[in-house]
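In what follows, a single structure is set out as structure tokens and then discussed.
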Amino acid sequence: MAPEADPGELTVRPGDPADLPAVAELYLRTREAAYPAMPHGVHPPDEVRAYVAGWDLSRRELWVAEQAAALVGYAVVEDDWLDSLYVAPEAAGRGIGSVLLEVVKQRRPGGFGLWVFESNESARRFYRRHGLVETERTDGSANEEGAPDIRVEWAGTRPL
């Protein structure tokens with residue numbers, strides 16, 4: 001068995017409007033690959049692309065992770081909310097999500113929250129491993145997918 005090719009150095013940087021088309025494609029690919037752990041999205045791809053293209057990056061922080069000049073992950077933070085953190089399926093397990101989450105923790109030292117689908121056990125394990133705590137469960141009636149979800153929070157680096 002041949003050794004895996006070196007994926008190259010990971011670069012994490014603030015995203016800009018030119019990154020949004022690639023972010024939309026990564027989101028669509030990742031959600032599709034994550035089924036059934038994550039329910040299928042309810043919006044067709046063209047609506048997702050238009051939605052992401054309209055993100056106001058003066059209100060949202062977009063952080064992108066690149067390897068070998070390709071987008072391999074991203075995180076979006078607005079106020080004290082981690083709106084999304086996605087890693088390309090082919091890049092999963094390389095620590096990219098951990099690096100992005102660390103950026104979010106540094107940018108939000110007072111803490112932040114997010115929602116994760118109850119069925120997405122791998123994401124739940126990931127957040128637990130990184131010190132986030134599940135604080136609330138819902139039946140999914142408030143999300144578009146209608147799938148049970150869990151609020152997860154990181155308390156931040158509050159002084160003792």
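The values are calculated or read from the model by the stated rules, or taken from the named source; none is laboratory data. A quick note: this is a predicted structure, and the numbers were derived from the prediction, not measured. Ideal geometry is used to build each Cβ from the backbone, glycine not excepted, and the neighbour counts take in all protein chains shown.
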Next on the checklist: Of the conditions (1) modelled with pLDDT of 95 or more; (2) out of contact with any Lys or Arg (no Cβ under 8 Å at 6 or more places or on another chain), V76 satisfies every one except a single condition; which number is it?
Outcome noted: (2)
Next on the checklist: Among the residues that make up the range 140-147, is at least one of them in contact with a Ser or Thr (Cβ under 7 Å, 6 or more places away or on another chain) and either farther than 22 Å from P14 by Cα or at pLDDT 95 or above (or both)?
Outcome noted: yes
Checklist entry - Which residue, of R108, R94, R124, is charged (D, E, K, R), closer than 24 Å to E9 by Cα and surrounded by 14 or more Cβ atoms within 10 Å (Cβ to Cβ)? => result R94
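Residue-wise test of (1) over 22 Å from I150 (Cα atoms); (2) at pLDDT 95 or above.
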{"site": "D6", "(1), (2)": "yes, no"}
{"site": "P17", "(1), (2)": "yes, yes"}
{"site": "T30", "(1), (2)": "no, yes"}
{"site": "L71", "(1), (2)": "yes, yes"}
Checklist entry - What number of residues within the range 37-65 satisfy the criterion of being under 24 Å from S98 (Cα atoms) and free of Cβ contacts under 8 Å to residues at least 24 places away in the same chain? => result 2
Checklist outcome for this item: Screening A155, A75, A147 for residues that are more than 15 Å from the chain's Cα centre (by Cα), touching a residue at least 12 places away in the same chain (Cβ under 8 Å) and buried (at least 17 other Cβ atoms within 10 Å of the Cβ) leaves only A147
Item to check | Boolean, V64 is among the β-branched types (V, I, T), under 16 Å from P21 (Cβ atoms) and buried (at least 18 other Cβ atoms within 10 Å of the Cβ) | outcome: yes
Checklist entry - Can you tell me how many residues in the range 88-133 are out of contact with any strand residue (DSSP E or B) (no Cβ under 7 Å at 6 or more places or on another chain) and part of a helix (DSSP H, G or I)? => result 11
